[in-house]
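**Student:** One structure coming up, written as structure tokens, with questions to follow.
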Amino acid sequence: MSQKIASDSMHINIEQLQQELNVEQREFNELQQRHFKVRAKMALENEALRKSFRGASDFLMGKRKAVFPDEGALSALRDRGEAIRQHSLANLPELLERLEKNLTANGVQVHWAETADEACTIIHDILTANNARTVVKGKSMVTEEIELNHFLEARGIECLESDMGEYLVQLAGETPSHIIMPAIHKNKAQIARLMHARAQTSDGSQVPYTEDVDELIGNARAILRDKFMRADAGISGVNMAVANTGTLCLVENEGNGRMTTTMPKLHIAVTGIEKVVEDFSHVPELLTLLTRSATGQKISTYFNMISGPKKAGELDGPEQVHLVLVDNGRSRIFSHPVLKPTLQCIRCGACMNHCPVYARVGGHAYGSTYPGPIGQVVTPQIAGLEKHGDMLSACSLNGACGEACPVRIPLPELIRELRAEAVSPQFTDAAAVSTATATAVQEVMGRGAKRTLGESLIWRGWALTHRFAPLYRIMTTAMTRGRGLFRSKAAAALLSPWTDSRSTPQPARRSLHELAKARGVAGQYQNNTADKRGDNA
Amino acid sequence: MTQHNTTVAASRHQRVYPPKPEAVYLLGTCLVDSFYPEAGMDAIALLQHAGIEVIFPQSQSCCGQPAYNSGYDEQARAVARTQLQAFAADIPVVVMMGSCAGMVHKEYPKLFAGQPEEAAAIALAARSYEFSEFMVNVLQLEQQLAQAEDQSPLTVALHTSCSARRGMGVAAEHKALVENLPGVQVVEPERVAECCGFGGTFAVKQGDISAAMAADKANAIAATGCQRLVSGDCGCLMNISGTLDRQERALPVQHLASLLYTRLNGNDPFQVGQKRSQQYNKKSGDKA
């Protein structure tokens, strides 16, 4: 349908288009409620979507490779990035206190939020105290994580996303499918339809239908400019918060971040507690790792350093600056000896760009704010294994993400660790964990939630046959002697997830155990060379 | 890692290799054991030809990786413990697949951390080598291929598994062995470093995604026009060849060890038209 409308742009029935978009939005919402596997299957069957993600992955991998021409230099830089992030985490409580002290001295008001709901409430309170009814937002994943827009809109406050991708996703009533490129799942024609049907200029009229990229961006820019001028408040994220100087660093490409943080009288920055770095000297290396890994840029078009509200005599800038430090499960991650490196993340998205699973199913399949490998690690820890444990199986442990990560987060190891947590025989009630104190090691929320009797019995049976050599040899003998059975339809049906697209594997006539023994290859090592082959004779 | 890397990159992965030992263990892996035993026999022949005594403990089974990657640590440990006992003597262990080598070399120390067998696990990890890693770094086999019996032209697509490439860092070793075979031309499929979609239990738990990845890999390999697919990991071989076979464009596949042995000795199974396992069955009892 979209193709027809796009090619027949002179005669677009706006009402029909709007109806179509409403149906698409309803389908999107329904799909998001379903199981991971259903979403993955739908994505795999969507040719246009797969093409978008495959193209984007190839493009971004190529861009990254081009700005890291020297493997040795890249490796050294990743070592530095890892060291800086680990230094931050090793000193996290103290650095956060120092950050608060220096921000306060700079005139920034600091707030602490333990949960998503608390963070939303704090932000809402700040807005109402200042009679703010309209908000422009710079791109911020943590506000997606705490579902801030939904919270504020339910309370009558208008939130407008000002990053082009976020703006489109908001227009569509969807969620971002990538943490750096939120609308990466949409092609040009889809964006043209969306802008024409749903975007409104300041005088309330529709924007004309166009598939010209410059025109599309020009139309959005005109709408956003007007909103920047009128908004009561700006809400942004933070890429790095410098403890020693009390500076909030914000990386962006469109200038919308700078507008959001300087035009309205009130600026509220929101960040996860892990984003702190100790010193300004840590910023350049993390910045270059971030932009090169994310988009293959040596540096972003804009780099904002926010050090407080407008001072006396200054012409512009907000009158108030607030920082909301969000925990939302991060203390729990911090306390876990194996999963702690999760917090090293600088949110560049390189792991998803390099993930062969993400390249095929796209971001929405994960059903979480953070998709791809980092999403598989972060989301179950923040929102619980019960709800988000299923996505953990969508990983072949191929290691491409870990190899791309600029701060060397061992992502495959963390995914494996979370699988172990998910099937742990010790069940931990999610409710009990969320109210636990932050002092001791805290277990992953919903530990053991994915353990099933069937699967645990299979692994017990597997362990039994592979533990005891005679049992194992009986099994392999049965397999090799009964190899004909593998050709049967029953075998194909039993192995259906494999055999749906692959021929059934054929066991050999004789196992290597048998062949080696028949060949007289020694079974036991004896330092005395006289009788090495005894056990096989 | 490759030779292009500077000292920084190399230092992270640097491994000190022993001189040629008198004897080695062969860790056959469960997949080779039941599905590709000729690869194990070819590796044994190659090692014996180099003058090394090969010990194949009959009590070995599986490294424990399937359970470990699924999060069943206790079951993985129980099976891994059997391997600690099977490979107890202080001699090098040559592992037939990259993924199992990675399990033993990298994961055993973690799996047994704080357990009574921790020291034994660390020791086994330290003396375990992936097949191509051992052949190149200990035996310098890549420098001894010029006299290969079979030098007929052959186009080979080499699929280096993710665990061999990224886990063990032996992509260069794989390549050196195949490229130095006279007459063999190595062709590189598009997106050569991308996962084929096998991933052990992933192929069953996420069958749809795995199949999509396997189909792309099969297409990329078929597009090279190669005559044969070679890999050091039989999971990948089974996955890719099974996909190609189902699509009725079957391609001869071989483990790296089989390609090396049969080229060196001029007994290419795809030319003489017999199954290698049959050949070994017939010869059973003969000494190499």
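The values are calculated or read from the model by the stated rules, or taken from the named source; none is laboratory data. If you're wondering where the values come from, they're calculated on a predicted model, not measured in any experiment. Using ideal geometry, Cβ is built from the backbone for each residue, glycine included, and neighbour counts are taken over all protein chains shown.
**Student:** So which of B:GLY200, B:GLY183, B:GLY225, B:GLY169 is at positive phi, surrounded by fewer than 24 Cβ atoms within 10 Å (Cβ to Cβ) and at pLDDT below 95?
**Tutor:** Going through B:GLY200, B:GLY183, B:GLY225, B:GLY169 in turn, the sole match is B:GLY200.
**Student:** Shifting gears a bit: With the condition being at pLDDT 95 or above and facing chain A (nearest Cβ under 7 Å), I'd like the helices (runs of 4 or more DSSP H) fully within segment B:1-93 carrying at least 2 qualifying residues.
**Tutor:** Output list reads B:30-35, B:37-49, B:65-69, B:73-86.
**Student:** Restrict the check to segment A:103-115 and report whether at least one residue is over 19 Å from A:LYS227 (Cα atoms), of a type outside the set (S, T, N, Q), assigned by TED's automatic domain parsing to the domain that holds A:LYS227 and in a helix (DSSP H, G or I).
**Tutor:** Within segment A:103-115, one or more residues are over 19 Å from A:LYS227 (Cα atoms), of a type outside the set (S, T, N, Q), assigned by TED's automatic domain parsing to the domain that holds A:LYS227 and in a helix (DSSP H, G or I).
**Student:** Does segment B:123-143 include one or more residues that are surrounded by fewer than 21 Cβ atoms within 10 Å (Cβ to Cβ) and either within 14 Å of chain A (Cβ to nearest Cβ) or under 21 Å from A:CYS395 (Cβ atoms) (or both)?
**Tutor:** Checked segment B:123-143: at least one residue is surrounded by fewer than 21 Cβ atoms within 10 Å (Cβ to Cβ) and either within 14 Å of chain A (Cβ to nearest Cβ) or under 21 Å from A:CYS395 (Cβ atoms) (or both).
**Student:** Which ones in segment A:478-488 are within 15 Å of A:THR504 (Cβ to Cβ) and either out of contact with any Pro (no Cβ under 7 Å at 6 or more places or on another chain) or exposed (fewer than 13 other Cβ atoms within 10 Å of the Cβ) (or both)?
**Tutor:** A:GLY482, A:GLY484, A:LEU485, A:ARG487, A:SER488
**Student:** Of everything in segment A:502-537 that's buried (at least 21 other Cβ atoms within 10 Å of the Cβ) and among the aliphatic types (A, V, I, L, M), which residue is modelled with the lowest pLDDT?
**Tutor:** The extreme case among them is A:ALA522.
**Student:** Continuing with this model, one more query. Which pairs do you get when a residue that is farther than 21 Å from A:GLU174 by Cβ, found in segment A:194-218, comes within reach of a residue that is surrounded by 18 or more Cβ atoms within 10 Å (Cβ to Cβ) and among the small types (Gly, Ala, Ser), reach meaning Cβ atoms under 8 angstrom, with the pair 6+ apart or on two chains?
**Tutor:** A:THR210/A:ALA192
**Student:** Go over the candidates A:ALA436, A:ALA432 one by one and state the one that is assigned to a helix (DSSP H, G or I), at pLDDT below 95, farther than 23 Å from A:HIS178 by Cβ and not charged (D, E, K, R).
**Tutor:** The conditions single out A:ALA432.
**Student:** Name the residues in segment A:84-115 that are among the aliphatic types (A, V, I, L, M) and either at pLDDT below 95 or loosely packed, with under 15 Cβ neighbours inside 10 Å (or both), would you?
**Tutor:** A:ALA90, A:ALA105
**Student:** Condition first: under 30 Å from A:GLY448 (Cβ atoms) and either under 17 Å from the mean Cα position of the chain (by Cα) or among the polar types (S, T, N, Q) (or both). Now tell me which residues in segment B:44-86 satisfy that.
**Tutor:** B:SER61, B:CYS62, B:CYS63, B:GLY64, B:GLN65, B:PRO66, B:ASN69, B:SER70, B:GLN75, B:THR82, B:GLN83
**Student:** Only one of these conditions is not met by A:VAL338: (1) farther than 30 Å from A:PHE28 by Cβ; (2) surrounded by 22 or more Cβ atoms within 10 Å (Cβ to Cβ); (3) β-branched (Val, Ile, Thr). Which number is it?
**Tutor:** (2)
**Student:** Touching a helix residue (DSSP H, G or I) at 6+ places or on another chain (Cβ under 9 Å), in contact (Cβ under 8 Å) with a residue 24 or more places away in the chain and surrounded by fewer than 21 Cβ atoms within 10 Å (Cβ to Cβ): does that describe A:ARG221?
**Tutor:** Spelling it out, it is not the case that A:ARG221 is touching a helix residue (DSSP H, G or I) at 6+ places or on another chain (Cβ under 9 Å), in contact (Cβ under 8 Å) with a residue 24 or more places away in the chain and surrounded by fewer than 21 Cβ atoms within 10 Å (Cβ to Cβ).
**Student:** What pairs come up if the first residue lies in segment B:179-206 and is more than 7 Å from every other protein chain (Cβ to nearest Cβ) and β-branched (Val, Ile, Thr), the second is part of a loop (DSSP other than H, G, I, E, B) and surrounded by fewer than 23 Cβ atoms within 10 Å (Cβ to Cβ), and their beta carbons are under 6 Å apart, counting only those six or more places apart or on different chains?
**Tutor:** B:VAL187/B:THR224; B:VAL187/B:CYS226
**Student:** Return the pair list, or none, for Cβ contacts closer than 7 Å from residues in segment A:466-477 that are more than 8 Å from chain B (Cβ to nearest Cβ) and surrounded by fewer than 16 Cβ atoms within 10 Å (Cβ to Cβ) to residues that are assigned to a helix (DSSP H, G or I) and at pLDDT 95 or above, at least 6 apart or on different chains.
**Tutor:** A:LEU471/A:LEU464; A:LEU471/A:THR465
**Student:** Out of the residues in segment A:116-169 that are part of a loop (DSSP other than H, G, I, E, B) and of a type in the set (Asp, Glu), which is surrounded by the fewest Cβ atoms within 10 Å (Cβ to Cβ)?
**Tutor:** A:GLU147
**Student:** Do any helices (runs of 4 or more DSSP H) lying entirely in segment B:100-162 carry at least 1 residues that are more than 15 Å from B:VAL24 (Cβ to Cβ), and which ones are they?
**Tutor:** Fully inside segment B:100-162 and qualifying: B:108-111, B:118-126.
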